[in-house]
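Scroll down for the structure; my scribbles are underneath it.
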Amino acid sequence: MLTGRNLSQYDIEGTVLVNGSPARIDTMKSLSGYVQQGSIFVPQLTVKEYLVFQSLVRMDSHLSPAERSQRIEEVITELGLGKVANTRIGNRYDDLVGSGISGGELRRLSLAAEILTNPPLIICDEPTSGN
């Protein structure tokens, strides 16, 4: 509810406050990042290829390729994904693709995709639970 996503099936009452001031749902959507508990990845892509794709669809269209590339490298470094940057994401359940990156690296990749745009607020759905 806080992120303003998937609300059509719910009746919501109350007020969301940000720093003590009422926040509109559409405002929350634009200023927050949301890391889902289970993310969907393209297992054939490498970690870096996935972040390049995310940068193209989510970052400001006025950014130069060099600025996008710099931000991707910053995020990879910040989240300790440097050793797997050129590793296929993979799928633990598909022998054809290979095992790919670890579960912890998958979670960090989910977070990396959200922090590419440097949102002021990030909401994480159970970031430390599961496999």
Looking across the stretch 85-96 at residues that are at pLDDT below 95 and open to solvent by less than 40 Å² (accessible area, probe 1.4 Å), the single one that is nearest to Arg58 (Cα to Cα) is Ile89
Pairs, please: C-beta under 8 Å, at least 6 apart or cross-chain, first residue touching a residue at least 24 places away in the same chain (Cβ under 8 Å) and in the stretch 53-72, second charged (D, E, K, R) and surrounded by 10 or more Cβ atoms within 10 Å (Cβ to Cβ)? Ser55/Arg68; Ser55/Arg71; Met59/Arg68; Met59/Arg71; Ile72/Lys48
Expected single match for in a helix (DSSP H, G or I) and either modelled with pLDDT of 90 or more or open to solvent by 40 Å² or more (accessible area, probe 1.4 Å) (or both) among Leu106, Leu111 is Leu111
Asp11 vs (1) modelled with pLDDT under 90; (2) assigned to a helix (DSSP H, G or I); (3) open to solvent by 60 Å² or more (accessible area, probe 1.4 Å); (4) not small (Gly, Ala, Ser): all pass except (2)
Residues Ser32, Ser55: which one is on the phi < 0 side of the Ramachandran plot, at pLDDT below 75 and of a type in the set (Gly, Ala, Ser)? Ser32
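The values are calculated or read from the model by the stated rules, or taken from the named source; none is laboratory data. Source: prediction; values computed, not measured. Glycine gets a Cβ as well: all are built from the backbone with ideal geometry, and neighbour counts include every protein chain shown. With ligands, DNA and RNA removed, areas are computed over all heavy atoms of the protein, side chains included. Shrake-Rupley method; radii C 1.70, N 1.55, O 1.52, S 1.80 Å.
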